[in-house]
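Reading through the structure tokens given below for one structure.
The values are calculated or read from the model by the stated rules, or taken from the named source; none is laboratory data. Every value quoted in this text rests on a predicted model; they were computed, and no experiment measured them. As a convention, Cβ positions derive from the backbone with ideal geometry for all residues, glycine included, and neighbour counts pool all protein chains shown.
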Amino acid sequence: MLDDVLHAFLESADGPPLVAYEAKGEIPLEETGWHRHVRGQFFYVERGLVISRTEHGSWLLPPHRAGWMPPGEMHTVSIAGPIHAWGVFIAPCAVAGLPDRPCVVGVNDLFRAIVKRAASWPPDAESEPEKERLLAVLLDEMRRAPVEQLHLPMPVDRRLRRIAMAMFERPDDTRGIEEWASWAGMSVRTLTRLFRQETQCSVAQWRQQARLTCALERLAEGEPVSVVADALGYASPSAFVAMFRKAFGDSPGRYLARQAIAL
């Protein structure tokens with residue numbers, strides 16, 4: 001839990017332009033309620049899995065990625081498994097040039113080192129030249145960090161949103177596009193056209209991304225590959241592993257082992 005002094009700085013536009021903290025261990029949190037922060041927030045994860053949801057969709061934050069939430073953006077957060085992460089809150093006056101929408105970015109060693117150093121500073125400590133220089137470098141790294149496609153965009157049309165939510169909540173549902181269209185009371189052609197128009201991806205691509213989101217969440221909680229494959233509706237563990245390798249370049253076991261190397 002955050003202490004009162006730190007929390008006061010995190011939720012104030014005044015004070016230091018950057019406030020950072022470390023979060024580690026078993027956090028008793030399934031999903032927060034909808035909330036917003038006065039400051040912009042980067043959340044860098046070394047261990048564990050974080051999923052953030054906004055009205056624009058869901059963002060998956062696996063290990064060694066950082067999620068960005070602009071100031072004032074309504075969102076909820078859920079955490080899967082033990083976590084080791086760092087939160088970085090940036091004052092509104094310092095967010096110029098950063099994305100105006102939530103996103104997930106890749107981070108480098110310099111980013112990680114500065115964030116960890118910043119987390120050791122008391123939030124009420126006076127500003128020093130060293131801190132100002134490190135802050136300038138960190139903001140530069142944040143602005144140039146590559147955006148990663150770990151976003152699950154939510155359609156606006158209520159019929160499409162109903163389909164999307166059903167797919168996300170039941171990833172083992174194997175209905176085809178014709179059945180989904182009939183269930184939502186629309187033609188296949190309309191479903192296909194509107195879904196791509198509102199999410200910039202096909203129904204099949206969206207469903208695969210939703211399954212990847214669920215897969216990483218379950219794997220982070222320690223579920224065996226065979227159990228995850230069955231829960232996601234794959235005919236066999238090998239079919240799930242093939243999909244996972246295509247998306248992440250590694251098998252689930254090797255991917256998770258690679259994420260743990262830095263711990």
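Taken across the stretch 139-146, residues that are surrounded by 15 or more Cβ atoms within 10 Å (Cβ to Cβ) and either farther than 25 Å from residue 64 by Cα or touching a strand residue (DSSP E or B) at 6+ places or on another chain (Cβ under 6 Å) (or both) do occur, with at least one present. Note on the stretch 228-245: residues that are in contact with a Phe, Trp or Tyr (Cβ under 7 Å, 6 or more places away or on another chain), part of a loop (DSSP other than H, G, I, E, B) and of a type in the set (A, V, I, L, M) amount to 1. Residues that are surrounded by fewer than 16 Cβ atoms within 10 Å (Cβ to Cβ), of a type outside the set (S, T, N, Q) and at pLDDT 85 or above are absent from the stretch 205-219 altogether.
With 88, 95 as the choices, which residue is in contact with a Leu (Cβ under 8 Å, 6 or more places away or on another chain) and under 18 Å from residue 38 (Cβ atoms)?
Every option except 88 fails the conditions.
Filter the stretch 51-87 down to the residues that are modelled with pLDDT of 85 or more and aromatic (Phe, Trp, Tyr), then identify the one that is nearest to the chain's Cα centre (by Cα). That would be 68.
Residue by residue through the stretch 18-50, note down the ones that are of a type in the set (Val, Ile, Thr) and at pLDDT 90 or above. Show your work before the answer.
Let us first name the residues in the stretch 18-50 that are of a type in the set (Val, Ile, Thr), namely 19, 27, 32, 38, 45, 50.
Within the stretch 18-50, 38 is the sole residue that qualifies.
Restricting to the stretch 88-104, and then to whatever is in contact (Cβ under 8 Å) with a residue 60 or more places away in the chain and buried (at least 20 other Cβ atoms within 10 Å of the Cβ), can you tell me which residue is farthest from the chain's Cα centre (by Cα)? Break it down into steps so the answer makes sense when it comes.
Step one: list which residues in the stretch 88-104 are in contact (Cβ under 8 Å) with a residue 60 or more places away in the chain, which gives 88-94.
With buried (at least 20 other Cβ atoms within 10 Å of the Cβ) added as a condition, the list becomes 88-90.
Values: 88: 15, 89: 16, 90: 18 Å.
Among residues in the stretch 88-104 that are in contact (Cβ under 8 Å) with a residue 60 or more places away in the chain and buried (at least 20 other Cβ atoms within 10 Å of the Cβ), the one farthest from the chain's Cα centre (by Cα) is 90.
When you look at residue 72, is it in a loop (DSSP other than H, G, I, E, B), of a type outside the set (D, E, K, R) and not assigned by TED's automatic domain parsing to the domain that holds residue 230, yes or no? Yes.
Of the residues making up the stretch 37-75, those that are in contact with a Pro (Cβ under 9 Å, 6 or more places away or on another chain) and at positive phi are 48, 57, 72.
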